[in-house]
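Okay, structure first, notes after.
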Amino acid sequence: MEILPNLVILLSSLSLLSLWVLHFVSPEFKPSWRMISEYALGKYKWLITTFFYLWSVASIILSVLLWSEVSSTWGKIGVILVLISGIGAFMGGLFDLKHKNHGLAFLLGTPTLPIGALLVCYHLLSKQNWQIHETSILYSTHSTWISFILMAISMVVLMSGYKKTGLPMGPDVEPPKELPKGVIGVNGYFNRLLVFCYILWLIVMANVIN
């Protein structure tokens, strides 16, 4: 079974590498305020799609591994949420920013992981053989919900700024090419932080199982 945890680590690392490369090949998408999904609007849609698919497969494999580790109802619910998060990541690659199901992909993939991670984390830490990894598990797990909240706050700040400028907003509206004057745009940084924390959790958990 060692091959599966190592596969999770490999796929997760390749996913992050794909995202890192996008910052160089698509510099027109400013990382400070452009969301990761917006890379699909550029010339390298295949690369952002690869990023989502790699993340998805890593999440699904990890959920399979965790299923045999948990023994409580809440722990199993947590694993199911991790699996749903992986499905959401797959949908993020399948349905780009302009597709009507992209919002559904976000809802399935993003808020589910922190909840699932917390349920899995505290269940597994009740087992003695997991307690030796308590520090790395706790730090990586709590980073998921903290990064989610930070991104949510940054999005509220951005949308509030847009509203004050009178810019049209909505899923069918093309994002502006430049950040309007007076609008605070740091949501892109927090979006990337969220992704890093989510995928880091996959790597940490796979490493512990390994």
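Each reported figure results from applying straightforward, stated rules to the coordinates on display, with no laboratory input. This is a predicted model, so every value here is computed, not measured. Positions of Cβ are backbone-derived with ideal geometry, glycine not excepted, and every protein chain shown enters the neighbour counts.
Applying the criteria of a DSSP loop state and at most 16 other Cβ atoms within 10 Å to the trypsin sites (Lys or Arg not before Pro) of region 148-210 yields Lys177, Lys181. A straight Cα-to-Cα reach below 19 Å connects Lys164 with the lysines Lys177, Lys181, residues fewer than 8 places away in its own chain not being considered. Radius of gyration over Kirkwood radius for region 5-46, both on Cα atoms: the Rg/Rh ratio is 1.06.
Could you please state, rounded to a whole Å, how far the C-alpha centre of region 191-210 is from the C-alpha centre of region 101-179? Answer, in whole Å: 13. By the count of neighbouring beta-carbon atoms within 10 Å, fewest first, Val120, Val70 end up ordered Val70, Val120.
A convex hull fitted to the Cα coordinates of region 1-88 yields 92 cubic angstrom per residue. The helix-only estimate of mean residue ellipticity at 222 nm for the chain, built from DSSP H runs of length n ≥ 4 each weighted as -39500 (n - 2.57), is -24000 deg cm²/dmol after division by the residue total. A quarter of the convex hull surface defined by the alpha-carbon atoms of region 3-209 gives 11.2 nm² as the mean projection.
For region 67-121, the set of trypsin sites (Lys or Arg not before Pro) satisfying both a DSSP loop assignment and a count of at most 10 other C-beta atoms within 10 Å is given as Lys100. Within the chain, helices built from complete DSSP H runs that reach 20 Å or longer along their own axis (Cα positions) and carry a mean Kyte-Doolittle hydropathy of -0.5 or higher are 3-25, 45-67, 73-94, 134-165, 187-209. With all pairs of separate Cα atoms included, region 116-175 yields a Kirkwood hydrodynamic radius of 14.4 Å.
Per-peptide packing, taken as the mean over residues of other Cβ atoms within 10 Å, places 81-91, 12-22 in the sequence 81-91, 12-22 from highest down. Residue exposure proxy: His123, His142, ordered by other Cβ atoms within 10 angstrom of their Cβ from fewest to most, comes out as His142, His123.
What's the longest uninterrupted piece of the chain once you rule out the GluC sites (Glu not before Pro) that are loop residues per DSSP with at most 13 other Cβ within 10 Å? The segment 29-177 is the longest one with no such site. Note on Ser32 and Ser71: with the Förster distance fixed at 35 Å, the Cβ-Cβ geometry gives a FRET efficiency of about 0.20.
The dipole here belongs to region 3-209: it is taken about the Cα centre, uses +1 on the Cβ of Lys and Arg and -1 on the Cβ of Asp and Glu, and is about 380 debye.
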